[in-house]
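To start, the structure under review is shown below, and the notes come after it.
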Amino acid sequence: MNWEVVIGLETHAQLRTQSKIFSGSSIAFGAEPNVQASAVDIALPGVLPVLNREAVVCAIKFGLAVGAKIAPRSVFARKNYFYPDLPKGYQISQFEIPVVLGGGLNIRVGAGETATEKFVHLTRAHLEEDAGKSLHEDFHGKTGIDLNRAGTPLLEIVTEPDMRSSAEAVAYAKALHALVQWIGICDGNMQEGSFRCDANVSVRPTGQKEFGTRREIKNLNSFRFMQQAIDFEVQWQINEIEEGRAIRQATVLFDPDSGETRSMRSKEDAHDYRYFPDPDLLPLEITADWIAEVKRGMPELPDAMTARFIVQYGLSAYDAAQLVATRDTARYFEDCAAAAGLENAKLCANWVMGELAARLNKEGLEIAAAPLSAQQLAGIIRRIADNTISNKIARDVFEALWAGDGKDADAVIEAKGWKQITDSGALEALVDEVLAANQKSVEEYRAGKEKAFNALVGQTMKATRGKANPQQVTDLLKKKLGA
Amino acid sequence: MSLTLEDVARIALLSRIELSAAERETTRDQLNGILGFIEQLQAVDTTGIEPMAHAVDVVQRLRPDRITETDRRADFQALAPETEAGLYLVPRVVE
Amino acid sequence: MSDLINSSLRELSAALAAKKVSAVELATLFLDRIDKFNRALNAFITTDRAKTLAQARNADEKLRVGADVTALTGIPLAHKDIFCTRGWRTTCGSKMLANFVSPYDANVVEKLAAAGMVTLGKLNMDEFAMGSSNETSYFGPVKNPWDVSCVPGGSSGGSAAAIAARLTPAATGTDTGGSIRQPAALCGLTGLKPTYGVVSRYGMIAFASSLDQGGPMAKSAEDCALLLNAMAGFDPRDSTSLERPGEDYSRDLEKPLAGLRIGLPQEFFGEGMDADVRAAVDVALTEYRKLGATTVEVRLPNSGLSVPAYYVIAPAEASSNLSRFDGVRYGHRAPEYADLAEMYSRSRAQGFGAEVKRRILIGTYVLSHGYYDAYYLQAQKIRRLIAADFVAAFKQCDVMMGPTSPSVAFAFGAKSADPVQMYLSDIYTISTNLAGLPGMSLPCGFGNNNMPVGLQIIGNWFGEAKMLNVAHQYQKATDWHTRMPGGVK
């Protein structure tokens, strides 16, 4: 039998605010346990929540970025359950009326020119508070509770069950990850738990309309684990069904060491969250004026920017999408193209995605931390374009500027004497010398060995220490050899 | 509609309140008395009536995003039954 | 010194200003009375002479320098033990918090301290404010100073008994379904529950968040007005605190009542009210007519549903509000347990009393899957009908009046076996909480066994100054509010 995989994702994005969603505690990561847990966060008797305006701004930005409806009035509800890292015995969340409804994300599945596009629909996104952390290391057989994270603002983003493979799920997660950083509402740090995904996975015989029973894989904190966990889970479910066992709805954890998913024991009791509107918080009103104000402060969105890059810079859809991977990359490229001139935009794109990306990757640097500015790179590109230097020399200039050796391309070229030999008389003399010194190659070429010609080009370039224009050298050699 | 002992046990579990077998029986009777009393609400036609969750009809006020709290861990943990290394301790949680 | 215990707050303020008495002397006077009478009345859970006197010395210093002095500087008061009070044990009448020394002050506590008031101690109450007789307190029942075999009412029973016995000139209370007004009535005092949102709930341990409201309790309306001036006001830490311009609640005290339209909800004058209560209320209404007011019959057709609606909404909110008491960060933790689940369920079973547990269980049930719409949502819809009744009725009147409680103070044990009978003690007070309206109770005579009867005034939204005016004019014409129980002289 053929099986179809159905996946929906729920993502918890920690919002980039200064303070918690309902208290004035810091949300900075890495503090000593419980020093960022105020009276409100530890739920002392009598304390009350007050909503952080910035968390709402983040939700509005997200709603605008995914083309969703932003609820003019949404409601905070209590989700009741007991857990030691949940101090109030309930989580303040949104249930019946979330702040963001609908919308969706374009995702690109696969790489290169064979990639396919897909639109993933969002069900909703809602504001809620994070729980604290349970530390299971041994405290005499006990669990330690750190409530620093309790009350950190989260946006929970829920998709429709639109994804049909682990690759689609990962592509969606990556696109969402890029988007929340792009609009500045989440730092995207997955190690620190700022961006966590849960995957609802089910399988059904191809062609069947009804969904199969789903199991939820909790806390996938890397894209690689997400792929592995979903692939394992899908195979497990198919095996179960094929062996005649029904899938039971469950919450499971992924163990990266074994590569397997396993049922969570603590979630086995049937939950009854008894959601009801939080009487301590009034309805959240978001006016059209407020939305308009937030919109004015929003950056251009990735899809719009990709489309613009194609038209404005004459880039391929693939190149444009690559450059729009992050806001910093896009900004670097645009700064570079602005300084190098629109006619050199394609060359800028090649350098940003090629030499620069490779070098950053090698050093483990973000583009914002590149020692070479967009203007410096543009200086190199201008000298390539006007034939002052060859591509090979350009790479040397790039290295020099990367190392801080010189203020711009022209200064480096001048100081190192790397200017391309464009004087045809001087070049002709050099070619004559090379031909005289390499009679053997000349004879082989004349005997029909094409390779010998390349050797002569190489020798000439070597004699110019790379400063000649390779095309000019080729032309000259051909003329001299009477080809 | 009247509660069974199983219903009482389920509600007590959700509420995290331990009840002995004897308490379960008295609780069932008392809760059924109260539920019988509130049952009269069912007879009211509330079609089209908006539920009233708050005593006042105002919208949520928003707090500026500022850090206003300082570390008071020592004060707070002086109240706790069991702490170690700045953490609250509880019996081992099994995930 | 002995008239000081019967003095109004204004008189105490004048005596302090004229240096006829110091704040320390005043505090000592009341502390000594607490020492003498509290054993019999059980009104206070906690006192701390050293702390009180330190505050009194501080007030005397302010009075000496003349800086930062308000109408309340140096006047003692006591707090219902539901208000978190920094450095003071704050128990909420529960074993759960029997050893909880609050690390912070409630907004009300902070405001009254800033006004220079001196804290005499923490007052007994029904556990987590759940009760109408003070019999649910872990610290034992409070006795009614008018007859120690009778309940003082609840849940602010300690506040009421302490003022009635002149163990404090004033106290804070909270009112979720009548918890200020009913004990005020049963102990012969004046108490006011403000419009929801006028007094901050920050630091007031929550029972039912959408109904809870703190307010003053004292001998007279004039005292309540002064106290409310200090207690009310916007608090940014409470989302339900209303941003309104400041008010002087005593501004209208002296306005004559000519032309006042008093609405008499017919539903409050039917069967269920004892004859002695009815007689006292009728005499009070006659007095009001003498003062120039007219009375008009009004209808609150859904008010009969207020008690059942309340006993869905309040337990639902309470069941969630009380989940934080889990033995992890503070409060009672069971000495023995096998695992986490048992630690929770045992700590809570041991830490909470029977009535609190009952309400948590009912609240959990009405919110649970499959019952939410039928109970909780239905109750909230009925809540809107009840509020709408008031809007309509207030088109015909300026205030409403009726009994505060259907009977005078009853004997201990009289209603404790049947929760529903106990719940019906609040039949006249609950609807104002559901609607968010302000309400008052003031003494209007004595009924069976010479026990006090309370007259309830219900104001329109934000009608506190009007209610206080209406109450004060009555208190100028009558002396019920000056009567003091015989046993505590």
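The values are calculated or read from the model by the stated rules, or taken from the named source; none is laboratory data. Computed from a predicted model, the values in this text were never measured in an experiment. Here the Cβ is made from the backbone with ideal geometry for all residues, glycine too, and neighbour counts use every protein chain on show.
Go through segment C:343-357 and give me each residue that's within 12 Å of chain A (Cβ to nearest Cβ) and of a type outside the set (A, V, I, L, M, F, W, C). Selection gives C:Y344, C:S345, C:S347, C:R348. Residue pairs whose Cβ atoms lie under 7 Å apart, separated by 6 or more positions or on different chains, with the first residue in segment A:278-299 and under 19 Å from A:G184 (Cβ atoms) and the second surrounded by fewer than 18 Cβ atoms within 10 Å (Cβ to Cβ), are A:I286/A:P72. Within segment C:119-133, being part of a loop (DSSP other than H, G, I, E, B) and over 17 Å from C:I205 (Cα atoms) holds for C:S132, C:S133. Taking (1) touching a Leu at 6+ places or on another chain (Cβ under 7 Å); (2) more than 11 Å from every other protein chain (Cβ to nearest Cβ); (3) more than 20 Å from C:C84 (Cα to Cα) in turn, C:T195 satisfies each apart from (2). Note on segment C:437-447: residues that are aliphatic (A, V, I, L, M) and more than 17 Å from C:A279 (Cβ to Cβ) amount to 2. So C:G272 ticks every box in (1) at positive phi; (2) outside any loop (DSSP other than H, G, I, E, B) but one. Which box is left unticked? That leaves (2) as the condition not met. Look at C:R324 and say whether it is closer than 19 Å to C:S210 by Cβ and either within 13 Å of chain A (Cβ to nearest Cβ) or touching an Asp or Glu at 6+ places or on another chain (Cβ under 7 Å) (or both). Yes.
Just to be sure before I move on: is B:D29 over 26 Å from C:A338 (Cα atoms), surrounded by fewer than 18 Cβ atoms within 10 Å (Cβ to Cβ) and more than 8 Å from every other protein chain (Cβ to nearest Cβ) in the structure I sent? Judged against the criteria, B:D29 is a match. Every condition in (1) at pLDDT below 95; (2) away from every other protein chain (no Cβ under 14 Å) holds for A:T159 except the one numbered (1). Yes or no: segment A:23-35 includes at least one residue that is at the interface with chain C (Cβ under 10 Å from one of its Cβ atoms), touching a residue at least 24 places away in the same chain (Cβ under 8 Å) and in a loop (DSSP other than H, G, I, E, B). Yes. For segment A:296-327, filtered to residues that are part of a helix (DSSP H, G or I) and either aromatic (F, W, Y) or in contact with a Leu (Cβ under 7 Å, 6 or more places away or on another chain) (or both), the residue that is surrounded by the fewest Cβ atoms within 10 Å (Cβ to Cβ) is A:Y318. Taken over segment C:368-398, the residue count meeting the criterion of being touching a Ser or Thr at 6+ places or on another chain (Cβ under 7 Å), more than 7 Å from chain B (Cβ to nearest Cβ) and aliphatic (A, V, I, L, M) is 1. Determine if segment C:461-476 includes at least one residue that is of a type outside the set (A, V, I, L, M), without any contact (Cβ under 8 Å) to a residue 12 or more places away in the chain and either in contact with a Pro (Cβ under 9 Å, 6 or more places away or on another chain) or farther than 30 Å from B:D7 by Cβ (or both). Yes, segment C:461-476 contains at least one residue that is of a type outside the set (A, V, I, L, M), without any contact (Cβ under 8 Å) to a residue 12 or more places away in the chain and either in contact with a Pro (Cβ under 9 Å, 6 or more places away or on another chain) or farther than 30 Å from B:D7 by Cβ (or both).
For the structure I just gave you, tell me whether C:P403 is outside the structural domain of C:G331 (by TED's automatic domain parsing), touching a residue at least 12 places away in the same chain (Cβ under 8 Å), touching a Ser or Thr at 6+ places or on another chain (Cβ under 8 Å) and over 18 Å from C:A129 (Cα atoms). The answer is no for C:P403. Scanning segment A:60-90 for residues that are under 26 Å from A:L176 (Cα atoms) and part of a loop (DSSP other than H, G, I, E, B) yields a count of 6. In the set A:E293, A:E334, only one residue is among the charged types (D, E, K, R), assigned to a helix (DSSP H, G or I), crowded, with 19+ Cβ neighbours inside 10 Å and at pLDDT 95 or above; that residue is A:E334. Does A:V99 satisfy the criteria of being buried (at least 24 other Cβ atoms within 10 Å of the Cβ), away from chain C (no Cβ under 11 Å) and over 27 Å from A:Q191 (Cβ atoms)? Considered against the rule, which asks whether it is buried (at least 24 other Cβ atoms within 10 Å of the Cβ), away from chain C (no Cβ under 11 Å) and over 27 Å from A:Q191 (Cβ atoms), A:V99 comes out as yes. In the set A:E117, A:E113, A:E54, only one residue is within 14 Å of another protein chain (Cβ to nearest Cβ), within 25 Å of the chain's Cα centre (by Cα) and either at pLDDT below 95 or surrounded by fewer than 23 Cβ atoms within 10 Å (Cβ to Cβ) (or both); that residue is A:E54. For segment C:45-63, state whether one or more residues are in the same structural domain as C:P141 (by TED's automatic domain parsing), farther than 26 Å from C:A98 by Cα and among the basic types (K, R). For segment C:45-63, residues in the same structural domain as C:P141 (by TED's automatic domain parsing), farther than 26 Å from C:A98 by Cα and among the basic types (K, R): present.
Answer with yes or no whether A:I7 is away from chain B (no Cβ under 14 Å) and either over 22 Å from A:N189 (Cα atoms) or not in a strand (DSSP E or B) (or both). Considered against the rule, which asks whether it is away from chain B (no Cβ under 14 Å) and either over 22 Å from A:N189 (Cα atoms) or not in a strand (DSSP E or B) (or both), A:I7 comes out as yes. Exactly one residue out of A:L282, A:L253 is within 27 Å of the chain's Cα centre (by Cα) and within 11 Å of another protein chain (Cβ to nearest Cβ), and it is A:L253.
Consider segment A:357-395 and keep the residues that are charged (D, E, K, R) and without any contact (Cβ under 8 Å) to a residue 24 or more places away in the chain. The one that is surrounded by the fewest Cβ atoms within 10 Å (Cβ to Cβ) is A:K362. Taken over segment C:402-447, the criterion of being of a type outside the set (D, E, K, R), out of contact with any Gly (no Cβ under 7 Å at 6 or more places or on another chain), part of a loop (DSSP other than H, G, I, E, B) and more than 11 Å from chain B (Cβ to nearest Cβ) is satisfied by C:S407, C:F410, C:F412, C:G413, C:A414, C:S416, C:G447.
Cβ separations smaller than 8 Å between residues 6+ apart or across chains give the following pairs from segment A:456-467 residues that are touching a residue at least 60 places away in the same chain (Cβ under 8 Å) to residues that are outside any helix (DSSP H, G or I) and among the charged types (D, E, K, R): A:K467/A:K419.
Residues that are under 15 Å from C:V277 (Cα atoms) and surrounded by fewer than 20 Cβ atoms within 10 Å (Cβ to Cβ) within segment C:448-477 comprise C:N448, C:N449, C:N450, listed in sequence order. Of the residues that sit in segment C:332-351 and are in contact with a helix residue (DSSP H, G or I) (Cβ under 6 Å, 6 or more places away or on another chain) and in contact (Cβ under 8 Å) with a residue 12 or more places away in the chain, which one is nearest to C:F207 (Cα to Cα)? Filtering first and then ranking leaves C:G351.
For segment A:340-367, which residues satisfy the criterion of being among the small types (G, A, S) and under 20 Å from A:A320 (Cβ atoms)? Passing the criteria: A:A340, A:G341, A:A345, A:A349, A:G354, A:A357, A:A358.
With respect to A:D146, is the statement that it is within 14 Å of chain B (Cβ to nearest Cβ), buried (at least 19 other Cβ atoms within 10 Å of the Cβ), closer than 21 Å to A:Q18 by Cα and of a type in the set (D, E, K, R) true? It is true that A:D146 is within 14 Å of chain B (Cβ to nearest Cβ), buried (at least 19 other Cβ atoms within 10 Å of the Cβ), closer than 21 Å to A:Q18 by Cα and of a type in the set (D, E, K, R).
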